[in-house]
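Read-outs throughout are calculated quantities, based only on the coordinates presented, and are distinct from any laboratory measurement. Because the structure is a prediction, the values reported are computed rather than measured. Because the Cβ atoms are built from the backbone with ideal geometry, glycine has one as well, and the counts that use them run over all protein chains shown.
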Amino acid sequence: MVYKPQHSEIQKHIDHYWILDSTDLQVLNSDHMYAYPGITPDMIIVLEGQYRMSYMGKTFSSNRSQLFSFIHGEVLIDFSALRRCIIVKFKSRALSSLRPFIGVDVTTIMKDSVAFADEVFGTELNWLENHLARLERTEMVLELDEWFAAHYKKEREGFVVEMSQQVSEHCDLKEIMRATGYSYSTLERYFKRETGLTPKSFQTLKRFKKVLRELYTTKNQDWQHYVLSYGYYDQSHFIKEMKRFTGHSPSELLHIPSFIQVRPDYS
């Protein structure tokens, strides 16, 4: 079940908490699912059981919570031995939605962008996991809000967060440039410093994420539809971009279970 944060400051940076037990996990369309690059940091808090993950040439099993700050390539996750967990979905603003809670520069984050969460937040996360495991779901939400609020530092919010609040929720570059009068090069400095990405890369990944969501939701194989709807140059450009981020053609993706198929989307 999905719960929105109740704390006003947390709502700016975290979209929702997705609380799953063994029954929820059993009804997912597949135990094995892929996740691909995107602009949404995620944190999987393990309450019971373990997962198996393959990423960047390494495969391992663990019961330790994971923080996905940024995914550089596809990740295969096996949930079959996971019994209970919480998935924290941050706002789709790349690292800028995560930085207010961790106080680490983006260069450091990008070097180790998929990491055990206790290596980022410290061993106090282990206390949180044990505490959450004893609570009812609504109590978990309040406790998560309090925990993230304790780590929140307003001064770590930057230009990108401000623009998403005041100008464009989706960080539309044209709107931001029109409102601020800033050049692309100025925006590039802000974006690279706060998200780890250039504005162009940010927008490209945002588009890719929207296309992937629609592809899995509608199963529409009219590739020209995506070209016209999302501003690709032509069909070849569309297919190449999908392959670049996933390693698969759009038609192949429809036969590969993806995490984006089952996760709720309220952003």
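Some observations on this one:
- Extended-chain gain in nm, criterion 0.36 nm per residue less alpha-carbon gap, residue 225 and residue 192: 8.7 nm
- Length released on extending from residue 252 to residue 81, taking residue separation times 0.36 nm less the Cα-Cα span: 58.9 nm
- Förster radius 30 Å - calculated FRET efficiency between residue 165 and residue 130 (Cβ-Cβ, nearest 0.05): 0.30
- Environment charge at residue 5 (Cβ cut-off 12 Å; Lys +1, Arg +1, Asp -1, Glu -1): -1
- For peptides 80-86, 42-48, sequence by mean Cβ density within 10 Å, most packed first: 42-48, 80-86
- Between the residues 10, 245, 127, the greatest Cα displacement towards the positive end of the dipole of the chain, with unit charges on the Cβ of Lys, Arg, Asp and Glu, is found for 245.
- Extension gain from residue 30 to residue 50, taking 0.36 nm per residue of separation minus the Cα-Cα distance: 5.6 nm
- Over the stretch 92-181, the ratio between the Cα radius of gyration and 2.2 N^0.38 Å evaluates to 1.33.
- Reduced Cα scattering model of the chain, Debye log10 I(q)/I(0), q = 0.09, 0.11, 0.13, 0.15 Å⁻¹: -0.41, -0.63, -0.89, -1.19
- When the chain is described by a simple charge dipole with +1 on each Lys and Arg Cβ and -1 on each Asp and Glu Cβ, the residue from 103, 19, 70 located farthest towards its positive end is 70.
- Its Cα centre serving as origin, the stretch 1-90 has a Cβ charge dipole (Lys and Arg +1, Asp and Glu -1) of approximately 160 debye.
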